[in-house]
């Protein structure tokens, strides 16, 4: 556990502004023009290069979690979501937003989170006005990688 504590301390020291959608970016389903990938020990991390984008994404993830709470059967948002649910919220939320804003794209990849959230704000007026009822449907429907079945 000491090594993990040292890792986290070093990680936080070199990555002062951790990408809010880091799990989505590391899953290779999403990317962002305002992020930088870095390596520490044998792990990857994603840093946000823009304070404005970071604040926008932080507000968006908070709204996605809150709106998806009932659908994910989460009674309280205190603390972190379990990893699999956070993956659903991040990937499903961004892909759902992209489907609404860019129905012409037939892909399950988001190429630029920052551009997508900026387009969403200009389209809907503010993050709070996003059509979360529709976005939550994508969160619920999102399926991450399946674990390989173990051979017995």
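Read the figures in this text as sums done on the coordinates, not as results from a lab. Since we're looking at a predicted model, the values are computed, not measured. Every residue, glycine among them, receives a Cβ derived from its backbone with ideal geometry; neighbour counts consider all protein chains shown.
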If I model a spin label at residue 128 and residue 107 as a point 7 Å from the Cα along the Cα→Cβ vector, what separation in nanometres do I get? 3.3 nm
In whole angstrom, how far apart do the alpha carbon centroids of region 71-118 and region 1-64 sit? 16 Å
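So for 27, 35, 126, 114, fewest C-beta neighbours within 10 Å to most, what's the order?
The fewest-first ordering by Cβ neighbours comes to 126, 27, 114, 35.
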Extending each Cα 7 Å along its Cβ direction at residue 18 and residue 121, get the distance between those two points in nm, one decimal. 2.3 nm
Across every pair of different alpha-carbon atoms, what Kirkwood hydrodynamic radius in Å does the chain reach? 16.4 Å
Fluctuation leader among 124, 132, 39 - the chain, Gaussian network, Cα springs under 10 angstrom: 39
PRE zone check, label point 7 Å out along Cα-to-Cβ of residue 28, amide N under 11 Å, scope region 37-77, hits none
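Can you tell me the relative contact order of region 2-141? Whole percent, Cα pairs under 8 Å, sequence separation 6 or more.
Values: 156 pairs, mean separation 38.6, N = 140.
Result for region 2-141 is 28 percent.
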Report D for region 1-62 in µm² per second (integer): Stokes-Einstein, Kirkwood Rh on Cα pairs, 10 °C, 1.306 mPa s. 129 µm²/s
